[in-house]
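Chemist: The structure is given below, and queries will be raised subsequently.
Rule-based calculations on the coordinates, nothing more; no lab input. Keep in mind it's a predicted model, so treat the numbers as computed, not measured. Here the Cβ positions follow ideal geometry from the backbone for every residue, glycine too, while neighbour counts run over all protein chains shown.
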Amino acid sequence: MNAILPTSPLTNVAAVAPVSQPALRGKDETELRQAFDSFVGETFFGQMLKAMRKSVGKPAYFHGGRGEEIFQEMLDQTLAEDIARASADQFTGPMFELFTMQRK
């Protein structure tokens, strides 16, 4: 059972003491790594693409309006997924190691 600790003044959310988890083996670790890479990579790269789009203003001519903005968001999501699939393992390797060390 998890022990509930006092709330943190910064987050105002109750902290949960870690409970030792059984070590992951083979297929479970691979699935967890893929999910971890996907989530962290897509979140990071998605936010990066969103910030890059904000830094560029709308063109004076040939702007597609709201439709273009919606499709740009969809394109950015697809690009973030592809970039995460291609390179997230290099980016999230140290984070995943820390995450699995906490679980042990």
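Chemist: Assign unit charges at the C-beta atoms only (+1 for Lys and Arg, -1 for Asp and Glu), then state the dipole size of region 36-104 relative to its Cα centre in Debye, rounded to the nearest 20.
Modeler: 240 debye
Chemist: Between Ala51 and Thr100, with labels modelled 7 Å along Cα→Cβ, what's the label distance in nm to one decimal, could you check?
Modeler: With each label point 7 Å from Cα toward Cβ, the separation is 2.9 nm.
Chemist: If you average 1/r across every pair of different Cα atoms in region 21-103 and take the reciprocal, what Kirkwood value do you get, in Å?
Modeler: In region 21-103 this quantity evaluates to 14.7 Å.
Chemist: Applying 1/(1 + (r/R0)^6) with R0 = 35 Å to the Cβ-Cβ distance of Asp28 and Ala60, what FRET efficiency is obtained, to the nearest 0.05?
Modeler: Details: r = 54 Å, r/R0 = 1.54.
It comes out at approximately 0.05.
Chemist: Oh, and also: Find how many whole Å separate the alpha carbon centroid of region 23-52 from the alpha carbon centroid of region 54-84.
Modeler: If you average the Cα positions of each part, the centres end up 23 Å apart.
Chemist: Report the normalised scattering of region 37-79 as log10 I(q)/I(0) at q = 0.23, 0.27 Å⁻¹, calculated by the Debye formula with identical scatterers on the alpha carbons.
Modeler: Treating every Cα as an identical point scatterer, log10 I(q)/I(0) equals -0.81, -0.99.
Chemist: Let me ask something else about it. What residue among Ser87, Phe45, Ala35 has its Cα farthest toward the positive end of the dipole of region 21-103, where the charges are +1 on Lys, Arg and -1 on Asp, Glu, each on the Cβ?
Modeler: Phe45
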